[in-house]
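Engineer: Below you'll find the structure I mean.
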Amino acid sequence: MFDHNALIVAIARSGDRNAFAKLFDHFAPRVKGLLMKAGTPAELAEEVAQETLLTVWRKAALFDPSKASAGTWISTIARNLRIDIARRETRSRLSQVYEIIDEDGPEQPDMAVWGAERDLRIRAAMTELSPDQYRAVELAFLEGLSHQDVAKQLAIPLGTVKSRLRLAMSHLRGRLEDLR
């Protein structure tokens, strides 16, 4: 039996490949199994498990055993990677839908005008947000970052990101209600 926390610390301190191999052998099948239980296809689950452990290798220095156990930290990495993949898949499917819609023919002039007006209204409503709210919305919705990634990029707590986004969305909904 190995102390998984100590293995991650060894990886962080000296890039200990032996410690990584032990950690990989223990956690890769478990991560894959958890993902498959959650409905992830086997091939994708294996890919996410490998990416999870590569992330552990690259970010071992960020591990803090006082905040979470190795298993919890690794499971969180796997979950976040799976969420990122799901978001990319959703964006890909949406772009395919838009391509199909665009194939139907040129946009009608009245729809083009309505779209331009809508875009102007959205941009105007966005400029009314505080700079902090604007940046959070920009990162989360325009750049597609997860809330956790927004928190890291802005160096603020996750709860603060969520509060800023909630306030911004409330403001935008109020200003753009008639566009629904």
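Engineer: Determine the per residue accessible area of the range 27-94 with all protein chains present and a 1.4 angstrom probe, expressed in square angstrom.
Structural biologist: Accessible area per residue, the range 27-94: 60 Å².
Engineer: Among all the lysines, which ones have a C-alpha under 16 Å from K67's C-alpha, if same-chain residues fewer than 8 places away are not counted?
Structural biologist: Candidates past the 8-residue exclusion: K59.
The values are calculated or read from the model by the stated rules, or taken from the named source; none is laboratory data. Not measured: the values here are computed from a predicted model. Accessible surface is based on the protein model in full, side chains and every heavy atom, while ligands, DNA and RNA are left aside. Shrake-Rupley method; radii C 1.70, N 1.55, O 1.52, S 1.80 Å.
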